[in-house]
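All remarks here apply to the structure that follows.
The values are calculated or read from the model by the stated rules, or taken from the named source; none is laboratory data. Keep in mind that what you see is a predicted model, and the values were worked out from it rather than measured. Methodologically, a virtual Cβ is constructed for each residue, glycine included, from the backbone with ideal geometry; neighbour enumeration extends over all protein chains shown. Ligands, DNA and RNA are excluded from the accessible area calculation, which covers all protein heavy atoms including side chains. Shrake-Rupley method; radii C 1.70, N 1.55, O 1.52, S 1.80 Å.
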Amino acid sequence: KWTAGVALSRATRGPGGGGTDTAGLMVGGTDAPNAAPAQAGTEEYNGSTWASSNNCNNSMWGMASCGSQTAFNKFAGYSGTARSVASEEYDGTSWTTITNYPQTTSDCHGCGTQTASLIFGGMVGPGPGASMPSFLTVTNSWTGSAYVAEGSMNTGRYLHGGTGTETAGLCIAGQNYPPGTKIKNVEEYNG
């Protein structure tokens, strides 16, 4: 069953997250109704309390994220004014910019570890409230130093879930065109 946990120090939506229930991490997000501006805050969870850590370099929401509290990555996302390729890694204390994601996107998802990540789906095109964006089937892995193009998903989507590893990942549900169309299918990735 779910039980009430300790609240974060700030309200947000669309953050990145990772780790475990006793060593969790939350970064970025937005508290604005029109999704601007994006936030840069980082908070760590030790199983009983949240503590603020150093801000990330690129404020984002709707980014792909994966890894642990002390070895974490965030890829692409929405800055509040535009979709981005900016990507960073976290070592438990500070954020370091890594190679830009090869696709300008937001609302993508990731799974895996800091040095063996899988990033998939998302959207490109105009920002929220503008004309219809395009939905991606693109998949890339991150080796810790470079991106590798992987097999495409069968259905382009955004706002989907993801879990697993780089070689055994799941893409769960999501949304695509026409606007508001919900997706219930799940795709498996075998590396």
Under a GNM of the chain (C-alpha, springs under 10 Å), which listed residue has the highest mean-square fluctuation: Ser52, Ser117, Ser68?
-> Ser52
Calc'd 3J(HN,Hα), the stretch 51-62, phi into Karplus 6.51 cos²θ - 1.76 cosθ + 1.60 (θ = phi - 60°), Hz, glycine/Pro = x, comes to 9, 5, 10, 5, 5, 6, 6, 10, 4, 8, 9, x
Under-5 Å amide H pairs with Met60, H placed in peptide plane, nonlocal only | Gly29, Gln39
Compute the semi-axes of the equivalent ellipsoid of the stretch 121-191, taking the square root of 5 times each eigenvalue of the Cα gyration tensor, and list them largest first in whole Å.
-> 23, 15, 9
Tally up the carbon and sulfur contribution to the accessible surface of the chain as a whole percent, 1.4 Å probe, everything protein left in place.
-> 52
Per GNM of the chain with C-alpha springs under 10 angstrom, the most fluctuating residue out of Gly62, Gly41, Gly92 is Gly92
Net dipole in debye of the stretch 52-191 [+1 Lys, Arg Cβ; -1 Asp, Glu Cβ; about Cα centre; nearest 20] = 400
Amide H neighbours of Gly162 at under 5 Å, excluding residues fewer than 5 places away on the same chain, with H built from the backbone geometry, are Ile172
Can you give the convex hull volume per residue for the Cα atoms of the stretch 5-82, as a whole number of Å³?
-> 77
Hey, if you drop one equal point scatterer on each alpha-carbon of the stretch 45-119 and run the Debye formula without solvent, what base-10 log of I(q)/I(0) do you get at q = 0.12 Å⁻¹?
-> -0.31
Check Ala32: other-chain or 5+ apart residues with amide H under 5 Å from its amide H, H built from backbone geometry?
-> none
Could you please put His160, His109 in sequence from largest to smallest accessible area, using a 1.4 Å probe?
-> His109, His160
Computed accessible area, Asp21, all protein chains, 1.4 angstrom probe, square angstrom | 120
May I ask for the net charge around Ala7, where only other residues with Cβ less than 14 Å from the Cβ of Ala7 are counted and Lys, Arg are +1 while Asp, Glu are -1?
-> -1
Residue-by-residue Karplus 3J(HN,Hα) for the stretch 156-168, coefficients 6.51, -1.76, 1.60, Hz, glycine and proline x | x, 6, 9, 6, 9, x, x, 7, x, 10, 4, 10, 8
For the chain, dividing by residue count, accessible area per residue (probe 1.4 Å) in Å² works out to 47
List Glu88, Glu166, ordered by accessible area with a 1.4 Å probe, largest first | Glu166, Glu88
Karplus 3J(HN,Hα) series, Hz, for the stretch 5-11 with 6.51 cos²θ - 1.76 cosθ + 1.60 (x for Gly, Pro) = x, 7, 6, 5, 7, 9, 7
Tail fraction, Cα-Cα pairs, the stretch 50-191, threshold 21 Å, whole percent = 38
